[in-house]
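Asks: Sending over a structure as structure tokens; questions will come in a sec.
The values are calculated or read from the model by the stated rules, or taken from the named source; none is laboratory data. It should be emphasised that the depicted structure is a prediction, and the values quoted were computed from it without experimental measurement. Don't worry about glycine lacking a Cβ; one is built from the backbone with ideal geometry, like all the others, and counts go over all protein chains shown. Areas reflect the complete protein model, heavy atoms only, side chains present, ligands, DNA and RNA absent. Shrake-Rupley method; radii C 1.70, N 1.55, O 1.52, S 1.80 Å.
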Amino acid sequence: MRKLWLTGLAGALWLGLWAPVGAQEAGDVKALFEEKCSICHGIERPTAKRKDRAGWERTVLRMKNVNGAPVTDQQAQAIIDYLTQNYGR
């Protein structure tokens, strides 16, 4: 019983500390996008474009995997969701 309780507690703490960025409010994801993407270029660069989800995935993942943008996989997915919703076609 004690082991089960500790396992549940550890799981709850892990989820609380590592909740997916996608679960955050839209304003938080916008701030994440602005913070991370503006490290390398102005925000007007991506916001001037309109792409479908596949286009934003290619762009964000290229920035992360090739150009070294400092974002986690979860943050990248949240940014892709944000860009698709706000700058999709």
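Asks: Any residue in the stretch 38-57 that's open to solvent by less than 70 Å² (accessible area, probe 1.4 Å): show its pairings with residues that are among the polar types (S, T, N, Q) at Cβ separation under 6 Å, as long as the two are six or more apart or on different chains.
Replies: W56/T84
Asks: Yes or no: the stretch 51-62 includes at least one residue that is not basic (K, R) and not in a helix (DSSP H, G or I). Please lay out each step first, then the result.
Replies: Restricting attention to the stretch 51-62, the residues satisfying the condition of being not basic (K, R) are 52, 54-57, 59-61.
Keeping just the survivors that are not in a helix (DSSP H, G or I) gives 52.
Looking for residues that are not basic (K, R) and not in a helix (DSSP H, G or I), one finds at least one in the stretch 51-62, hence yes.
Asks: Okay, next question. Can you find, within the stretch 58-78, the residue that is nearest to the chain's Cα centre (by Cα) among those that are aliphatic (A, V, I, L, M) and open to solvent by 40 Å² or more (accessible area, probe 1.4 Å)?
Replies: Start the filter on the stretch 58-78 by keeping residues that are aliphatic (A, V, I, L, M), which leaves 60-61, 63, 66, 69, 71, 76, 78.
Filter again for open to solvent by 40 Å² or more (accessible area, probe 1.4 Å), leaving 61, 63, 66.
Details: L61: 11, M63: 12, V66: 17 Å.
The residue in question is L61.
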